[in-house]
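Chemist: Here you go, one structure.
Quick note: the coordinates plus some simple rules give every number you see, no bench work behind them. Bear in mind the structure is a predicted one, so any value in this text is a computation, not a measurement.
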Amino acid sequence: MKLCPECLSPLDHVQHKVFECWRCPEDHGTLYPKGELEKVVAAVAGLGEVDMNIWSDHDRYSVIQSPLINPETHTPLLEVRDKQFMNIIIYGDPVTQDLWVHSGEEEKLLEHIERAQEADSVGTYLKIAAGEAAKIFDDDENSIEAAGHLVTALKLLGDRLLRAFPTFSI
């Protein structure tokens, strides 16, 4: 039986198509067994296999002691933060590699993934290319420099399209 590290209530097992987890009935958070959070991130982001390397990538992740205790192993959970996105906090057990995510933190994580996807979308590249193309007609802009920016933007758009449609051939 898995218990919530916050209120010690028995966690409810939830089986999704892509992953499984245990949720606190009092809505304190979710426990993801080793590898399950990576499956969620991969599915939401449309990525292949994701390896977050939380326990070994000390340049990217800040790992410190937390007040939460893993109710199964009775060892302290560690607070883990991505140094680029310090507002997202998860807690983990380095032995079992289970991850505890407070309610609200999942939404922050999904929001971050959605923003990253939006920044990498074909539409974003198309907007950049269109903006660069419009500079050619601006009297205040150096035409040769604007044309160079347009070519660069179109190249980026082409690269992004090829990533979006890997089977597309010219």
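Chemist: Within straight cross-link reach of Lys108, meaning Cα distance under 17 Å, which aspartates and glutamates are found once same-chain residues fewer than 8 apart are removed?
Modeler: Asp27, Glu38, Glu79, Asp82, Glu118
Chemist: Do any of Lys39/Lys127; Lys2/Lys34; Lys83/Lys127; Lys127/Lys155 go past 22 Å between their Cα atoms, and which?
Modeler: Lys39/Lys127; Lys83/Lys127
Chemist: Can I ask one more? So what J values fall out for region 19-26 if you push phi through Karplus, 6.51 cos²θ - 1.76 cosθ + 1.60 with θ = phi - 60°, rounded to Hz, Gly and Pro as x?
Modeler: Calculated HN-Hα couplings, in order: 8, 10, 7, 10, 10, 6, x, 8 Hz.
Chemist: Follow-up question, since we're still on this one. Between Tyr61 and residues 5 or more places away or on another chain, which pairs have amide H atoms under 5 Å apart, with H built 1.01 Å from N, and which residues are they?
Modeler: Those qualifying (amide H under 5 Å, at least 5 residues apart or on another chain) are Lys83.
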